[in-house]
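These notes concern the structure reproduced below.
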């Protein structure tokens, strides 16, 4: 299912321009953030658009979107970048470029909105909610579209997500609320967007 990992870079870029563009913007944002204060510096993160409760309540709505391109530390960037590289191409092919981009942004925004609704104070950055949104799409395909993905891959994703939820519930990761919002919105959007899909663009 993940045959795209064997593609040469040039063909990968040609076949999956949306995933490539998202990865490039995230990398560029990380480099700029590192040069202008550091990716773990709270003030630098705020200048670049990290999601923070009082600023969002003051009307800075763009903080629901910009954090999707910011990451706190190199490991955060590498993990989320790898997951986007692994999960994104198949969905870009299946849903089409426009709908895949919509999935990425809407699941991330919905995750951040859920966090803002259920938490009094928060400070966060990262594409985690969008990544969980992609997991949500895969779960929908596995559970409700039999044959859309192979059983072994679907079972592995199901177990991985379940273990992550259990881990975060045990260790009380407050920002995980956003990830759950992304996961749920991904599952809810997967069916309607699949039915709206236009003919393949390639």
With 0.36 nm assigned to each residue of separation and the Cα-Cα distance removed, residue 28 to residue 47 gains 5.3 nm
Given the options 80, 168, 99, state which has the largest fluctuation in a GNM of the chain using a 10 Å cut-off (strictly under) for Cα springs.
168
So the angle from the long Cα axis of helix 176-195 to the longest Cα principal axis of the chain, reported in degrees to the nearest 10, equals 30
Rounded to one decimal in nm, the spacing of the 7 Å Cα→Cβ label points at residue 57 and residue 75 is 3.2
What is the angle, in °, between the Cα long axis of helix 151-170 and the longest principal axis of the Cα atoms in the chain? Nearest 10 is fine, range 0 to 90.
20
Listed residues 115, 56, 23, most fluctuating in the chain (Gaussian network, C-alpha, under 10 Å)
56
Under a point spin-label approximation (7 Å from Cα along Cα-to-Cβ), what is the residue 146-residue 121 distance to one decimal in nm?
5.1
Cα long-axis angle, helix 128-144 against the chain (0 to 90 degrees, to the nearest 10)
30
Packing-wise, with mean Cβ within 10 Å as the measure, how do 117-127, 133-143 rank, highest first?
133-143, 117-127
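Just so you know, all these numbers are worked out from the coordinates, no wet-lab data involved. Not measured: the values here are computed from a predicted model. When we count neighbours, we look across all protein chains shown, and the Cβ atoms used for this are built from the backbone with ideal geometry, even at glycine.
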